[in-house]
Amino acid sequence: MPVTRKGECAAMRGVLRLVATAVALIFSLAACASKTESDTEVQQIGKVSGNRVDWVDAACPSGTGTNEKPIGLGAFGGGICIGVPGDKSPPPSLLYEQFDSEDSMRSILESVNPAYYAAGGADGVVTAFFVMYGPFSSEQADTLQSFGFVINPGPQESRLSQATRVQIPSTQNPASVTDTPRPAPVPVPETRAQATTASGVFGTDSQGFVDQTGPRCNSTNQAVAVARTALSRVVICETGVGRLYYKGVGLQNGLGVEIDDPVHAAGGFSVTNIGVLYRLSPNALVITEGGSTLSDEPVLEYWSR
């Protein structure tokens, strides 16, 4: 039976209705997915009470912290917890910062690279306390939960969890099997791609920092010292003939420097580059020019051999 033009038009209208329905369904599902993602993000930042003085007093062992330069766009105040004078236990590894928005805080997570972070917001200000290194536990920031802060895993912890997660055998019921709890992770082969601690500083191996930010020793040269501050990373390297060189990178601007022939000094190293003196110790990275201090950054992690 031949198809008339009237029949063709009716069929075409039916197809268009189906296409319109499908498009509407796709947009509806996308909106739901977007809402779910947004809701999840909101849950990661608590609505907090108190002020920065209260939070530092609760989280820092000595009840005090330093005042540091902002470490990212949208950041306007922060510092590092100070340990109790005379206490020989490891120093606190809490860095705190305040931001003008949640996006500003999230934009620096990879460069700061915390194991965990406690996040809270009030009156348009987002405050984060970053747990910088091991033991891989959020305990250092747990006291902040009483103010409404929410504890989140940071990049360090996320990568560690992925590397140590136990694979569930297909013969077992997944509902009855859980990940092996830390602090006894399943051993995994060391590779440059994973976040190792071969030098004692998280995210490094025997040549320096393993991510794209660096710095890292050239060729097959080995590191003799590695350090991380809130604003910088440094590695002291040794060539095959025993000469040393200094490599550093700024986390705010990504600019790097390489300087030949640092020398051992005051329990660390010092090197001069065109009148600028770099001094690295287990306590601080201090950069001076003439009689002026250009930067004085407390060290968060340090290793040397």
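Read the figures in this text as sums done on the coordinates, not as results from a lab. A quick note: this is a predicted structure, and the numbers were derived from the prediction, not measured. Every residue, glycine as well, gets a Cβ built from its backbone with ideal geometry; the counts of neighbours run over all protein chains shown.
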Checklist entry - By counting other Cβ atoms within 10 Å of each Cβ, how are F130, F76 ranked from fewest to most? => result F76, F130
Next on the checklist: With a cut-off of 8 Å between alpha carbons and a minimum separation of six or more residues, what is the relative contact order of region 195-304 in percent?
Outcome noted: 20
Item to check | Computed lengthening from D142 to T288, 0.36 nm per intervening residue step minus Cα-Cα distance | outcome: 48.8 nm
